[in-house]
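Rule-based calculations on the coordinates, nothing more; no lab input. Everything numeric here is computed off the predicted structure, so don't read it as measured data. Note: ideal-geometry Cβ built from the backbone for every residue, glycine included; neighbour counts use all protein chains shown.
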Amino acid sequence: MAKKTVILFLVVLLVGLSGCRSFYRQHQEFHNYFRAGKVEEAAEVLSRDRRADRRRTRLLHLFNQGVVHHMLGNYQESNRFFEEAYILGEDFLTNYMDEALALLTNPNMTEYRGEDFELLMVHYYKAMNYIHLGNFEAALVECRRLNIRLSAMQDRSNRSGRYQRDAFIHNLMGIIYDASGDYNNAFIAYRNAYNIYTEDYASLFGVKPPPQLKKDLIRAAYRTGFRDQAAHYEELFDMTYNPGMDAGTGDLVFFWQNGLGPVKEEWSINFTIVRGSGGQVNFVNEEMGLSFPFFLGGESSGDLGDLRIVRVAFPKFVERKPVYVGARLRTGNRSADLYLAQDINAIAFKSLEDRMLREMGQALLRLAIRQAAEQRIRKEDERIGALFSILGAVTEQADTRNWQTLPHSIHYSRMALPEGDHSLNLELLLPNGNVARTLNLEANVRSGRTTFKNFHTLDARLPGAR
């Protein structure tokens, strides 16, 4: 191999040395402010990052900007960032130079594309922003975008036992259609949500259909005129709908975003490289029962013949357990339990688990290519080859990037309240059922209309804390 090519390989590896810390630790200042509820200070940290648009983590920067401005009540500004994130996710183009660099270094050299559930949550925040701005029509546009993305998710993955349908997002669509008076589409969305909770969420995440969804499904069936469907669900749920009980009132739909979602960290496995015949090599870990074959051609597999043990890095999610396990909403003599509707933490773990074999295969292919290149370099210059080996080991990193300002889970409920201003008490519950904190909030309810309110409590344990 020519000297210039050897130098090029070394330069590539040196580029891969940047950012050895996990993505969470690289942005520790921002997360410290955000976790402490100092959202204005967190927003200031983001605004000072002048290079954010030029990094391969631009999507995550837009996510975080959207969240902090949403929490600050800057709903139009929040939607500007989320719309940029939506367009970036839709128009993603593979950069083949970055892909080549990733094969020689690590996957952090590629543009972050976002997890499926992260891209769906963009529309949750956008819809809530539009609702707070009083623009239900724009919120319905987000519902239609949600439908398109959900369909694309299902088209890409038709294997059972995987996260490929989102019950909460269908439920959200139903609530928004319901609030706009489109009871037919509301009924369809509620029914889809119920089916997904029953068929997917209960087994995958331990999340059953929320009681509030059952009530809304029956009510939407009545308002659409589907009396047989309403009767069917009343019998199935052992519930009776009273059409007159909400007369002269308005509805308050309250979403509680609890805690903080997981962060990605790195873990590693040692593999033994076993040279096979016909240009095949096998990465083997007998303890875990893993074996990955690769065909690299006769010459390349020969280059790998003197290798024994190698370390390969993979991503893993680490839970940030929420302090509170449940909540109640009170106002006057009325109260409502908030029901778990979305377990983002569980979905994150499941999403990574579903593709873990693919992650392993890509990591081992990266390592095989790098090790074969090292052996060729050693033939030219043993010292440079040794340096290449050291740099290669240092640059072996997992992709630890993810959206880290999402909540751990989302709970919700609906209350029928008289028209006017209401003082709300959000009671946050500990595992023993005791009330840990009570937060005082306000809501204005209009007769015959639906008022939306969402609130994010950020209390969570640090990654790795018990």
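Here is the size of the stretch 97-244 from its Cα atoms: Rg then Dmax, 18.5, 67 Å. Proximity of backbone amide H atoms, modeled 1.01 Å from N, is registered between G326 and L429 at under 5 Å, excluding neighbours fewer than 5 places apart on the same chain. Look at F349, F294 and count the other Cβ atoms within 10 Å of each Cβ; fewest to most, that gives F349, F294.
Counted residue by residue at 0.36 nm each, then reduced by the alpha carbon distance between them, the extension gain from I87 to E29 reaches 18.1 nm.
Fewest-first ordering of R227, R401, R366 by other beta carbons within 10 Å of each residue's beta carbon gives R227, R366, R401. One chain, two ends: R227 and L439. Fully extended at 0.36 nm per residue, the span grows by 72.3 nm beyond their Cα-Cα distance. Rounded if a/c is under 1.5, else prolate if a/b is larger than b/c, else oblate: which is the stretch 47-90, with a ≥ b ≥ c the root eigenvalues of its Cα gyration tensor? Oblate shape, in that a/c is at least 1.5 and b/c is the bigger or equal ratio.
According to the square roots a ≥ b ≥ c of the eigenvalues of the Cα gyration tensor, what is the shape class of the stretch 200-246, taking rounded for a/c under 1.5, prolate for a/b larger than b/c otherwise, and oblate for the remainder? It is prolate, given that a/c is not under 1.5 and a/b is the larger ratio. If R0 equals 60 Å, the separation of the Cβ atoms of N432 and E137 corresponds to a calculated FRET efficiency of about 0.85. For K126, the lysines whose Cα comes closer than 19 Å to its Cα, not counting residues fewer than 8 places off in the same chain, are K453.
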